[in-house]
Amino acid sequence: MEIESVRSRRSNAVSTTSSQAARARAKAEAAKVRMEFIHRESELKLKKVTLENEGEMLNAQKEIAVAEAEAEALDPDYTNSLKEGSQSNLSLLPKDESKERTTDYVNKLQTGGTMLDPRVEPYVPVAATPGGEYERMAIATELTRLLLKKDLLFSSLTNFNGNPELYRTWKSSFHSKMRELDVTSVEEIDLLVKWTSNEVQKDVLSLKAANADDPGKGLRQIWERLGERYGSPEMVEASLKRRLESFPRLTNKEPKRLYELSDIVSEIEAIKENEGFKGLLAYFDSSSGVTPIVNKLPYNLQEKWTSSATRYMDRYHVVYPPFSHFSAFLREQSKIRNNPSFAYNVKQATVSLRTSHRDAHYISARKTGLVTDTTEKQSDEPCPLHNTNHSFKTSARNSE
């Protein structure tokens with residue numbers, strides 16, 4: 001029994017010693033690892049401090065360079081004195097290496113209670129990132145461009161007052177700007193209220209109030225109402241007819257007004273290309289639609305159109321030229337009549353022609369008078385001078 005107890009005590013002592021040795025080796029390995037990480041941490045701190053010092057030095061040099069450049073532009077003499085002073089001041093600074101100062105700083109740090117993660121990427125200042133400044137400038141420029149574009153789009157919106165001829169153009173422009181701005185239904189309705197007037201604005205406000213809980217539905221109803229009232233083919237056709245009927249008859253002294261008539265004709269031509277207006281405005285491809293417009297032209301342009309239309313009919317064997325041919329003819333004549341190279345002094349030529357015509361038929365004559373004896377009364381009393389039957393007045397006139 002005693003031998004077994006001795007053996008058990010020895011085995012326990014051996015196991016205790018081996019466990020203590022294992023813990024000591026584990027502590028030693030942990031200390032080695034800790035030491036390795038402390039070394040890496042020191043290197044990282046050293047790099048960080050070095051980069052910060054270099055960044056500060058770079059910023060200081062940049063400020064000095066900028067200041068010297070400004071001073072050079074204002075006063076060259078002051079710049080020379082500034083450079084001399086800066087060089088003398090720099091000579092007074094300690095000449096220790098920046099790396100040595102950094103090493104001393106790191107050695108003084110307390111590293112016992114703090115551990116750094118070695119997996120963290122080294123710190124790189126933003127100023128040292130290649131292209132970082134240019135990227136920030138590009139972002140700022142893009143943001144400025146977007147803000148300016150937004151202001152430009154808002155300022156280019158036009159007001160619609162209910163003119164049917166302008167509805168299609170205004171609607172297309174308004175939709176295009178809304179897509180560019182990417183606005184919501186509520187914002188689009190508010191813009192419609194702002195950029196409409198008269199009866200149009202009343203319709204927009206009425207439908208906005210009726211669909212306060214559903215702006216999307218309200219917006220659809222607003223565009224449907226505007227299309228029914230101002231964009232229907234019958235409304236546009238009636239408005240174009242009124243404009244043509246109210247346009248005055250032109251003379252040769254009003255070449256600039258040819259542009260106004262040509263613009264109306266070009267507008268009709270563009271509207272005719274729309275599928276919804278082709279059937280309603282098809283009569284403009286015949287004489288019944290073109291002749292009322294030709295009646296507004298001076299006589300010489302009417303003759304020119306007759307010749308142009310006849311040539312077209314003979315060449316293409318059609319009953320009447322299409323409206324596009326008349327529109328092109330009117331645009332060409334507007335350009336010719338308003339060309340300053342062909343502006344002649346018609347008034348002066350007319351005056352000189354009238355003067356020469358008057359000189360060729362000028363006849364001069366003196367005023368004469370004729371007195372007959374039959375106009376005078378016959379007197380029964382004889383003349384007291386000649387004792388004859390003629391009157392005393394006749395005798396006095398013959399004696400002169």
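The values are calculated or read from the model by the stated rules, or taken from the named source; none is laboratory data. Given the structure is predicted, the values throughout are model-derived calculations rather than measurements. All Cβ positions, glycine included, derive from the backbone under ideal geometry; neighbour counts span all protein chains shown.
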Task: Condition met for residue 254 (assigned to a helix (DSSP H, G or I) and either farther than 20 Å from residue 302 by Cα or not hydroxyl-bearing (Ser, Thr, Tyr) (or both)) - done: no
TODO: Specify the residue that is surrounded by the fewest Cβ atoms within 10 Å (Cβ to Cβ); the eligible residues are those in the range 292-315 that are in a helix (DSSP H, G or I) and among the basic types (Lys, Arg).
DONE: 315
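Conditions tested, residue by residue: (1) under 30 Å from residue 249 (Cα atoms); (2) in contact with a Pro (Cβ under 6 Å, 6 or more places away or on another chain); (3) modelled with pLDDT of 55 or more; (4) of a type in the set (Ser, Thr, Tyr).
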{"residue": "295", "(1), (2), (3), (4)": "yes, no, yes, no"}
{"residue": "302", "(1), (2), (3), (4)": "yes, no, yes, no"}
{"residue": "308", "(1), (2), (3), (4)": "yes, no, yes, yes"}
{"residue": "330", "(1), (2), (3), (4)": "yes, no, yes, no"}
{"residue": "336", "(1), (2), (3), (4)": "yes, no, yes, no"}
{"residue": "359", "(1), (2), (3), (4)": "no, no, no, no"}
{"residue": "365", "(1), (2), (3), (4)": "no, no, yes, no"}
{"residue": "373", "(1), (2), (3), (4)": "no, no, no, no"}
{"residue": "378", "(1), (2), (3), (4)": "no, no, no, no"}
Task: Scan of the range 142-162 for residues that are in contact with a Phe, Trp or Tyr (Cβ under 8 Å, 6 or more places away or on another chain) and either closer than 13 Å to residue 194 by Cβ or in a helix (DSSP H, G or I) (or both), ordered by number - done: 157, 158, 159, 160
TODO: Could you grab me the full set of residues in the range 227-245 that are within 17 Å of residue 174 (Cα to Cα) and part of a loop (DSSP other than H, G, I, E, B)?
DONE: 231
Open item on the list: Just to be sure I understand the filter: pairs with C-beta atoms under 7 Å, separated by 6 or more residues or on different chains, first member in the range 323-345 and among the small types (Gly, Ala, Ser), second member surrounded by 10 or more Cβ atoms within 10 Å (Cβ to Cβ) and at pLDDT 90 or above. Which pairs pass?
Closed with: 324/269; 327/265; 327/266; 327/269; 334/258; 334/259; 334/262
TODO: Restrict the check to the range 181-196 and report whether at least one residue is surrounded by 15 or more Cβ atoms within 10 Å (Cβ to Cβ), in contact (Cβ under 8 Å) with a residue 24 or more places away in the chain and in a loop (DSSP other than H, G, I, E, B).
DONE: yes
Open item on the list: Given the condition assigned by TED's automatic domain parsing to the domain that holds residue 279, within 30 Å of residue 298 (Cβ to Cβ), under 30 Å from the mean Cα position of the chain (by Cα) and among the polar types (S, T, N, Q), answer yes or no: does some residue in the range 233-242 qualify?
Closed with: yes
Open item on the list: Just the residues that are surrounded by 14 or more Cβ atoms within 10 Å (Cβ to Cβ) and in contact (Cβ under 8 Å) with a residue 12 or more places away in the chain, please, taken from the range 198-222.
Closed with: 200, 203, 204, 205, 207, 208, 215, 218, 219, 221, 222
Task: Any hit, the range 219-229, residues being under 30 Å from residue 312 (Cα atoms) and among the small types (Gly, Ala, Ser) - done: no
TODO: Check whether at least one residue in the range 164-176 is in contact with a Lys or Arg (Cβ under 8 Å, 6 or more places away or on another chain) and either touching a residue at least 60 places away in the same chain (Cβ under 8 Å) or in a helix (DSSP H, G or I) (or both), and report yes or no.
DONE: yes
Task: Pairs with Cβ under 6 Å, 6+ apart, first in the range 247-270 and outside the structural domain of residue 338 (by TED's automatic domain parsing), second among the β-branched types (Val, Ile, Thr) and surrounded by 13 or more Cβ atoms within 10 Å (Cβ to Cβ) - done: none
